[in-house]
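Below: the structure, in structure tokens.
The values are calculated or read from the model by the stated rules, or taken from the named source; none is laboratory data. Since we're looking at a predicted model, the values are computed, not measured. Neighbour counts are summed over all protein chains in view; Cβ atoms, including those assigned to glycine, are modelled from backbone coordinates with ideal geometry.
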Amino acid sequence: MTWYLVALSLGALAAIAGATLPRRVRVPVAAALGALGCAVSLVAAVGDLIDGRTILVHSDRLLPFSGVSLTLDPLAALFVVLSSLVGVAACLYLVGYAHGPSASRSAVSIFMVFVLALSVVPLASNIVSFMFAWELMALSSLLLIVTDQAQRPKARSAALWYAAMTQAGAVSITLGLLLCASRAPGQSFVDIAASSSTLSATTRTAAFVLVLLGFASKAGAVPLHVWLPKAHPEAPSPVSALMSSAMVSMGVYGIVRVGGDLLHGGTVGWWVAVAALGIVSAVYGALHATTASDFKRLLAFSTIDIMGLSLIGVGAAGVLEDSGMHADATLAMMAALLLLVAHAAFKGALFLGAGSVERATGTRNLDRLGGLVHTMPTTSVVVALSAGAIMAVPTLSGFSSEWLLLQGLLHGFTDTSTPVVIVMLLGVVALALTGGLTAVAFVKAFGIGFLGQPRSAGARDSREVSRWMGWGSALLVLPSLVLGLVPGLVVSLINRAADTGLGGVATTPVSTGAGLALSQLRGAIEPAALLGALVGVMVVLALAARTLGQRRARRVDAWGCGREEQTPRMQYTATSFAEPLQRVFADVLRPQMDVEVTHAVESRYFQQSLTYHHRIADVVEVRAYRPVFGVVHRVGVLARRLQNGSIHRYLAFGFVALLVVVVVLA
């Protein structure tokens, strides 16, 4: 734990440096301290995962009443690895990214506080410590969203949505944890876990439902997701990367920690609810990602998709554990945790890459991009590899994690219990459907945004961003390659975290080695061998083409279709690419389309211009949240009539309230 305290001290120094140093050295010094702190915590967490130790630290001097309690076990260490990895990359990226409001004292200092809070949340092990770190994480990220509100008009609205949802979630989590501790001698997680068996079934279920709602809102699970596609695109890109890759994962961490560790699994109904949230979130997020033309909004919806898949894994693990299939449950939990680690790497790289594109071109609208593979080669490689990982291309991290999740779901069919079979079946369907939709979304994103010809002056005149931004985003590609090629070297560490999340019973469903081989079940893959075979086939084909084919290559326009010259207007846009799927899922997406025709002045029979308007609103927001907000607004307007400035009326209100309290208490 000593190294963690060193890392936390470096994070605090980074925040102080950001708040006090002059502008010329503020960002590089703070970023260096922050990156060093994240690197120290990353190395320490990996070491503790290897050792499998559990370390407890308590101090009564920092927080009143309860003090600060930090506990490091394999589950906490895994999430520290996740947040620290993205933190190093985001700090490096910040050196080249920060300018204007993003380089102010408050912005740099709060950014470092946010990075620090992400590492503290998994370590906190009593209610006060956990909620303090949770609120610090939420408040710092909220302030960072409005950093560039002068340049981003939608940032203020996004921040309001985020503030409302995150505070409602925090209240729900607090109430749930207090219910968990109602019979405990203290508020530490150890005391709660030891006394949770004395709680009634109703109290346990109520507590789990409350924490599930709170943590699911942070994870962006549908229908509690409405803040996510608003806040993530409007935040500065390093903040978006941290929010979408590390912060949302803390929602899944909370569900696993409370449901699996503190409450010892509960009933099968709990985990069916978790899996149901995951299934709806995965499909809903993937559908909206395929139709989004804003690059960062597409990434935000894909985050909802991946969080949904993780929740499917967690829910399946809980259902299987309740049925006594511990090996299958551990496999499903390992898949969920591996997917979170993989997602942190490739989604962090994608958000940083999107930030580089926006900085270089002045837009993140895919309809206005194109040709970036020639002008921004480093960013193009980062985005291409990360997009391949999220599409589960073999030999990249997404493939290994989703294959493991598929195996966990398929092996669950051996149980004859109806809830188990339903969860497994719907989970497999959701995994297959979202896999195809995710491929469409990211083929569209890379093909339209980076290939072809530029569709705007910004894309045509773009240049590669600073090397700090390039290094920060490229750093997160390395874990995707490692997890994709040799997942077996990492999965044994994730196994320990999965055992902790399921109550501490040690099981090893995956054999050690470079690939993935199920030791107690059937199934194995060797991604490195697969890559070697693919490279060998490609070499043979290249040699055959060189020997038997034409010696002189002929250059033609790609997809020329017989035309002599291609223009940007002849290419697909992101909107037109997704139009067929939009038609298929029109009942879910509810697209809004309109065409405005402007006629020539001389004659109404001649059209001067055509304007096509296309918008896909969030159905949940429009149908569920907007009506509620309308009612609240009307109540607020009526409540203003009570405030007429009369002191006599206010005293009367107080007197009536006092009478009501006396009557109720009597």
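One line per residue, one yes/no per condition, for (1) surrounded by 10 or more Cβ atoms within 10 Å (Cβ to Cβ); (2) of a type in the set (Asp, Glu); (3) in contact with a Phe, Trp or Tyr (Cβ under 6 Å, 6 or more places away or on another chain):
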position: Arg569; (1), (2), (3): no, no, no
position: Val597; (1), (2), (3): yes, no, no
position: Ala600; (1), (2), (3): yes, no, yes
position: Ser603; (1), (2), (3): no, no, no
position: Gly636; (1), (2), (3): no, no, no
position: Ile647; (1), (2), (3): no, no, no
position: Tyr650; (1), (2), (3): yes, no, no
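Between Leu277, Leu320, Leu298, Leu311, which is assigned to a helix (DSSP H, G or I) and under 24 Å from Leu366 (Cβ atoms)?
Within the list Leu277, Leu320, Leu298, Leu311, the selection yields Leu298.
Among the numbered conditions (1) closer than 21 Å to Lys230 by Cα; (2) in a helix (DSSP H, G or I), tell me where His614 comes up short.
(2)
Are there any pairs, at least 6 apart or on different chains, whose C-beta atoms fall under 7 Å, with the first in segment 93-112 and touching a residue at least 40 places away in the same chain (Cβ under 8 Å) and the second among the aromatic types (Phe, Trp, Tyr), and if so, which?
Every condition considered, the pairs that remain are Tyr93/Trp468; Leu94/Phe111; Val95/Trp468; Gly96/Trp468.
Mind listing just one residue for me: the one in segment 219-233 that is part of a helix (DSSP H, G or I) and hydrophobic (A, V, I, L, M, F, W, C) and, of those, farthest from the chain's Cα centre (by Cα)?
Ala231
Does segment 598-609 contain any residue that is farther than 30 Å from Gly436 by Cα, of a type in the set (Phe, Trp, Tyr) and not in a helix (DSSP H, G or I)?
Checked segment 598-609: at least one residue is farther than 30 Å from Gly436 by Cα, of a type in the set (Phe, Trp, Tyr) and not in a helix (DSSP H, G or I).
Criterion first (crowded, with 20+ Cβ neighbours inside 10 Å, among the aliphatic types (A, V, I, L, M) and under 24 Å from the mean Cα position of the chain (by Cα)) does Leu49 satisfy it?
For Leu49, the condition - crowded, with 20+ Cβ neighbours inside 10 Å, among the aliphatic types (A, V, I, L, M) and under 24 Å from the mean Cα position of the chain (by Cα) - is met.
When segment 48-74 is examined, which residues are found to be of a type in the set (Gly, Ala, Ser) and closer than 15 Å to Leu5 by Cα?
Within segment 48-74, Ser59, Ser69 meet the criteria.
Spot the failing condition for Val86; the list is (1) closer than 30 Å to Ser492 by Cβ; (2) at pLDDT below 85, and only one is missed.
(2)
In segment 355-367, which residues are out of contact with any Pro (no Cβ under 9 Å at 6 or more places or on another chain) and either crowded, with 24+ Cβ neighbours inside 10 Å or not aliphatic (A, V, I, L, M) (or both)?
Within segment 355-367, Ser356, Val357, Glu358, Arg359, Gly362, Thr363, Asn365, Leu366, Asp367 meet the criteria.
For Val465, state whether it is over 13 Å from Gly313 (Cα atoms), among the β-branched types (Val, Ile, Thr) and not in a helix (DSSP H, G or I).
yes
From Ala336, Ala384, Ala354, which residue is of a type in the set (A, V, I, L, M, F, W, C), in contact with a Lys or Arg (Cβ under 6 Å, 6 or more places away or on another chain) and either outside any loop (DSSP other than H, G, I, E, B) or in contact (Cβ under 8 Å) with a residue 12 or more places away in the chain (or both)?
Ala354
Residue by residue through segment 169-223, note down the ones that are in contact with an Asp or Glu (Cβ under 7 Å, 6 or more places away or on another chain) and free of Cβ contacts under 8 Å to residues at least 40 places away in the same chain.
Ala184, Pro185, listed by residue number.
Specify which of the listed residues (Asp322, Asp294, Asp328) is modelled with pLDDT under 95 and farther than 30 Å from Gly523 by Cβ.
One residue alone meets the criteria, Asp294.
Would you confirm, using the coordinates I've provided, whether Arg455 is farther than 30 Å from Asp48 by Cβ, in contact (Cβ under 8 Å) with a residue 40 or more places away in the chain, surrounded by fewer than 16 Cβ atoms within 10 Å (Cβ to Cβ) and more than 23 Å from the chain's Cα centre (by Cα)?
no
So which pairs qualify, if the first residue must be in segment 484-505 and assigned by TED's automatic domain parsing to the domain that holds Ser400, the second must be charged (D, E, K, R), the Cβ gap must be under 6 Å, and the two must be at least 6 apart or on different chains?
Partner pairs satisfying both residue conditions: Thr500/Asp73; Leu502/Glu321.
Can you go through Ala533, Ala517, Ala506 and tell me which one is modelled with pLDDT under 90, small (Gly, Ala, Ser), within 30 Å of Tyr253 (Cα to Cα) and surrounded by fewer than 15 Cβ atoms within 10 Å (Cβ to Cβ)?
Unique residue meeting the criteria: Ala506.
Kindly provide the set of residues from segment 172-218 that are part of a loop (DSSP other than H, G, I, E, B) and touching a Cys at 6+ places or on another chain (Cβ under 9 Å), ordered by number.
Of everything in segment 172-218, just one residue is part of a loop (DSSP other than H, G, I, E, B) and touching a Cys at 6+ places or on another chain (Cβ under 9 Å), namely Leu199.
Any idea which of Val423, Val393 is closer than 29 Å to Ile279 by Cα and not in a helix (DSSP H, G or I)?
Val393
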